[in-house]
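The structure under discussion appears below in the form of structure tokens.
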Amino acid sequence: MSNETDHYSNLSDQLVKHESDRGAVLVGIAVIDENLELLLRATFSQNDAGAKQSVETLFAANGPLNTFWAKCHFACALGLLPRCLFSDLDKMRRLRNRFAHQRTSVDFNDKEVKEIVDSISVANSYRQKLKGKIYKMSQPSPKAFTAELRILESGYIKYSKGCFAICVIEAVAYMEMATSFLKKGGLELARVLSEKCRHGYSVTSRLEHLKKTQLRTKVGTSIV
């Protein structure tokens with residue numbers, strides 16, 4: 001198994017098997033936040049000490065890009081995030097706030113939590129996968145989807161918790177790819193990726209939208 005596959009599988013195991021419902025949401029959003037910061041950092045100049053210090057100031061505790069929501073808006077303004085992903089990040093932010101600030105106990109059986117998870121754009125496609133209408137287990141799978149199969153093989157888990165974990169993996173996978181494109185082709189190429197994925201950023205959506213483009217050969221990297 002490749003290191004990349006291990007990375008996604010370890011994340012899915014942590015969220016589904018080793019975290020409480022609250023822990024899964026807080027850790028999942030923290031991982032997305034970390035990858036979002038890496039994506040943004042890849043856009044900035046690191047050529048001299050002054051530039052590096054300015055970048056650190058942006059992400060410092062009182063900096064303008066310290067919060068998750070500020071990072072989301074800035075990445076969207078730069079054209080690095082498809083609108084559907086930006087919308088999903090807003091829903092995940094609302095989900096985090098519900099778990100973080102609710103005085104009474106909240107879990108993935110909560111009606112509002114279920115509604116938020118179901119409203120995330122990739123949730124519907126995985127609802128179909130769980131019904132066996134799109135994929136058969138014997139079919140070859142993209143790397144990130146291997147982690148999704150591990151979630152389905154975990155035995156009994158709350159549906160919404162498993163679905164949330166898959167949504168986190170999809171968001172992280174997109175941001176890692178966008179960061180790679182930025183480093184190899186600059187903002188222009190990363191914006192092309194965002195535009196191509198405007199109708200869906202999941203692994204399967206990216207395969208569908210990008211398989212006929214020149215992004216694979218231009219960047220020299222796999223799209224999954």
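No value in this document is a laboratory result; all are computed from the given coordinates. Quantities reported herein were computed from a predicted structural model and do not represent experimental measurements. We place every Cβ from the backbone using ideal geometry, glycine too, and count neighbours over all the protein chains shown.
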Theoretical FRET efficiency, 1/(1+(r/R0)^6), r = Cβ-Cβ of Arg94 and Asn62, R0 30 Å, to 0.05: 0.80
Within region 30-75, chymotrypsin sites (Phe, Trp or Tyr not before Pro) in DSSP loop having at most 15 other beta-carbon neighbours inside 10 Å: Phe44
Cβ-based exposure ranking for His101, His18, His7, in which fewest neighbours within 10 Å come first: His101, His18, His7
Separation of the Ala77 and Gln102 label points, Cα + 7 Å toward Cβ, nm: 3.3 nm
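Given the Cα-Cα distance of Glu195 and Asp48 and 0.36 nm per residue of separation, how much length would full extension add, in nm?
Gain on extension, Glu195 to Asp48, equals 49.7 nm.
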